[in-house]
């Protein structure tokens, strides 16, 4: 007969460990792993949610490859990444660098920069959308008009809309990146700077030879974190271009919005699932590049 | 670092004596520039709040301080009734998921950190690997699952994906490393069972990590948009972001009312931040660097 008190301490530990893990293991299996496999499975099927599922092999992927909208979306998604990541990295580094050198009123200013991180993307998308309206509604155009500059079409222009949607996304993430950069700057031993000062090295040499190389793990972390964020951009696009989601003419449409449209407006589940597999692959590659970069560091 | 240029000059040493004055000037200029940048950063938030306090006739003026501040917009929006529900839904959902995530993430983190048992590494790697799976890939199967179990348009349906987080497990495991095994052993000798040891001995020692995790999970669920948008159908079940998105899209809604709605969904997290500022920034650093 099994009796708990007859077990050794080690056996008791095993029993307790699995008692503690039972619900979580079930959760991760049913809510994370099963759906992942299911998404891959559905991507090989044709299914409109009502009819029957039919196995179509790689058809969805072939369709995706031949879909001009997908390539437009693919380019957009990488535009968000390729503009968003360097711009936010540069701004947040410059601010963190100077904030780190500031000897007074430091936490107040840090608070100003961090506040946008605590906002909800949907709420702020609407605020920015309002800013972008034409005269006499939008703040930006009202301001331009008051100093006599011609109006700018922000959200209605196929060329300006993408940067206009990206701006609030960059804005909201800056605070986080600044805080991480400052923590990275703090972790550089002060003795290096003292040595450089005694040697009379210029600030530029200090920055490029001491600060930036030692910040490398921080930079890699921020680049990957923000890259993944920009590749998954959705809330801002959805809310700033709602009358024509991803518009005008798909010029702002990112991959996640295409997935949402395909799955929940067209109910083409198989096709949408194939798009999610592509998204997953892109994110995986970005993460692997990060691991590789960090390893090269050591 | 290998290429560090070392230029031995006496100029630097002499500089240090003459430095204080220009450096103070430099400090003031630096402060002013950073302050100006900080003001630009909070402008959208300031305009949102200011516009929510303006009468319609004043909305399109660029002035930041309303000439005649009014809470009329808030009264109107609350009287409409929907925001009241959305706010309540958001509070309930964000609170419940935070409690669940704190409980399970720390329990799993503790088990993986302090117990020796077969399968430990496997479980840890399996949980960690889910960090690689984007939510967007899971929403379609989650939707199908919710449909077959009747979870659509319910609190449970909105909450279930977020009840545990792999990030939290990882974070808590790191922090339980700092709890000495001797403490747990002493409690074991005192006759506490393993659950009591975790709850009464280990948990109080990792409070700062729990607080950091709580802030992240709460903020994440408060602002979550994609999944609540998919899983809810009826207006009464919307969370604030979903409700606000639909509210803004209604053709006849004026901008000052949209700004009021935006303010209602932003002010709570801003207040939390202003109250726990230092604490939250420390939490961000902790989570960012360990996670």
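Bear in mind that the values in this text are calculations on the coordinates, not laboratory data. Owing to the predicted nature of the structure, the values given are computational and were not obtained by experimental measurement. FYI the Cβ positions are ideal-geometry reconstructions off the backbone, even for glycines, and counts take in every protein chain you see.
Would chain B count as rounded, prolate or oblate if I go by the C-alpha gyration tensor, calling it rounded below 1.5 in a/c and otherwise prolate when a/b exceeds b/c, oblate otherwise? All intermediate terms of the calculation are to be shown ahead of the outcome.
Working: a/c = 2.19, a/b = 1.04, b/c = 2.10.
Oblate, since a/c reaches 1.5 and b/c is not below a/b.
Quick check: the distance between the Cα centres of region A:17-54 and region B:56-123, to the nearest angstrom? A separation of 27 Å, based on Cα centres. If one computes the Cα centroid of region B:199-267 and of region A:184-200, what distance in Å separates the two points? Distance between centres, Cα-based: 43 Å.
If you plug the beta carbon distance of residue B:254 and residue B:279 into 1/(1 + (r/R0)^6) with R0 = 41 Å, you get a FRET efficiency near 0.60.
With neighbour counts taken as other beta-carbon atoms within 10 Å, the residues A:130, B:55 rank, fewest first, as B:55, A:130. A helix-only calculation puts chain B at -22500 deg cm²/dmol for mean residue ellipticity at 222 nm, using -39500 (n - 2.57) for each DSSP H run of at least four residues, averaged over all residues. Relative contact order for chain A: 28 percent, from Cα pairs under 8 Å spaced at least 6 residues apart, divided by residue count.
Give me A:120, A:29, A:227, A:251 sorted ascending by neighbouring Cβ count inside 10 Å, so fewest comes first.
Numbers: A:120 25, A:29 11, A:227 22, A:251 18.
Taking fewest neighbouring Cβ atoms as first place, the list is A:29, A:251, A:227, A:120.
Model label sites at residue A:294 and residue A:104, defined 7 Å from Cα along the beta-carbon direction, differ in position by 4.1 nm. Taking a ≥ b ≥ c as the square roots of the eigenvalues of the Cα gyration tensor, region A:209-298 is classed as oblate, since a/c reaches at least 1.5 and a/b does not exceed b/c. For chain A, adding -39500 (n - 2.57) for each run of n ≥ 4 DSSP H residues and dividing by the number of residues yields -21500 deg cm²/dmol at 222 nm.
Taking R0 as 22 Å, what FRET efficiency do you get between residue B:178 and residue B:128 from their Cβ-Cβ distance, rounded to the nearest 0.05? Show your work: numbers first, answer last.
Details: r = 20 Å, r/R0 = 0.89.
Efficiency at R0 = 22 Å is approximately 0.65.
Report, as an integer, the average count of C-beta atoms from other chains found within 10 Å of each Cβ along B:32-40.
On the way: counts 0, 2, 13, 5, 0, 9, 10, 2, 3.
So the per-residue partner count for this stretch is 5.
Peptide A:232-238 has a mean shielding of 3, counted as Cβ atoms of other protein chains within 10 Å of each residue's Cβ.
Could you check the simple spin-label distance between residue A:62 and residue B:43, using points 7 Å along Cα→Cβ, in nm with one decimal? Output for this residue pair reads 5.3 nm.
Tell me, what is the percent relative contact order of region B:169-260, built from C-alpha pairs under 8 Å that lie six or more residues apart?
Values: 33 pairs, mean separation 17.8, N = 92.
Relative contact order of region B:169-260: 19 percent.
Based on the Cβ-Cβ distance from residue A:145 to residue B:205, what FRET efficiency comes out when R0 is 60 Å, to the nearest 0.05?
For residue A:145 and residue B:205, the calculated efficiency is 0.50.
Spin-label model, residue B:95/residue A:11: points 7 Å from Cα along the beta carbon direction are separated by 4.5 nm. In the elastic network of chain B, a GNM with C-alpha springs shorter than 10 Å, the most mobile of B:150, B:162, B:248 is B:150.
In chain B, Cα pairs under 8 Å separated by at least six residues give a relative contact order of 28 percent.
Let me make sure I get this right: for region A:59-297, a, b and c are the square roots of the gyration tensor eigenvalues over alpha carbons, sorted descending. Under 1.5 in a/c it's rounded, otherwise prolate if a/b > b/c, else oblate. Which is it? Please report the intermediate quantities before stating the final value.
Details: a/c = 2.66, a/b = 1.42, b/c = 1.88.
Oblate.
Going from the fewest other Cβ atoms within 10 Å to the most, the residues A:113, B:47 appear in the order B:47, A:113.
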